[in-house]
Amino acid sequence: MNHSRPKNLNLFTIHFPIPAIVSILHRVSGAFLFLLIPVALWGLEYSLTVSGFDDLQRLLGSPWVKIIFWLLFIPFCFHLVAGVRHLLSDIHIGDTLKLGRSMAWATFVIFGLFVILAGIWIW
């Protein structure tokens, strides 16, 4: 058997379909959220003290910290919306190619709305 087929190993030349991009970003955002668990637990532990709660409240009032908090909240928004899309596909909603693409684009649109609403909510 001759296995001399050309192989394209350059990931930047491969064009993924939009549902695949949503799925990959869902995994990446989940990994990022997993890495944020220690930070969230530290903030919870620190806020349970009297002086720590006041310190965190004062710290979260800073505009720079609000921007950082908003940037860290963005993966949560995407993971939430893409997770709902994956749950819908588990119950066979969006199994067709056309509806799958539409739901993938809708995921990005709803994610964008959530990011804007999160920014408004933080400020």
In segment 86-102, is there at least one residue being surrounded by 14 or more Cβ atoms within 10 Å (Cβ to Cβ), in contact with a Ser or Thr (Cβ under 7 Å, 6 or more places away or on another chain), in a helix (DSSP H, G or I) and at pLDDT 90 or above? no
Please go through segment 69-85 and pick out each residue that is of a type in the set (Val, Ile, Thr), within 19 Å of Ser102 (Cα to Cα) and either over 15 Å from the mean Cα position of the chain (by Cα) or surrounded by 14 or more Cβ atoms within 10 Å (Cβ to Cβ) (or both). Val81
Does Ser51 satisfy the criteria of being touching an Asp or Glu at 6+ places or on another chain (Cβ under 9 Å) and of a type in the set (Ser, Thr, Tyr)? no
So Phe53, is it aromatic (Phe, Trp, Tyr) and under 29 Å from Ala106 (Cβ atoms): no
Please find, within segment 19-68, the residue that is modelled with the lowest pLDDT out of those that are part of a loop (DSSP other than H, G, I, E, B) and either exposed (fewer than 12 other Cβ atoms within 10 Å of the Cβ) or of a type in the set (Gly, Ala, Ser) (or both). Gly61
Does Leu88 meet the test of being in contact with a Gly (Cβ under 7 Å, 6 or more places away or on another chain), touching a residue at least 12 places away in the same chain (Cβ under 8 Å) and of a type outside the set (Val, Ile, Thr)? yes
As an exercise: evaluate Leu11 against (1) of a type in the set (A, V, I, L, M); (2) at pLDDT below 95; (3) touching a helix residue (DSSP H, G or I) at 6+ places or on another chain (Cβ under 9 Å) and give the number of the one condition it does not meet. (3)
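The values are calculated or read from the model by the stated rules, or taken from the named source; none is laboratory data. Note that the structure is predicted; figures quoted are calculated from it, not measured. Don't worry about glycine lacking a Cβ; one is built from the backbone with ideal geometry, like all the others, and counts go over all protein chains shown.
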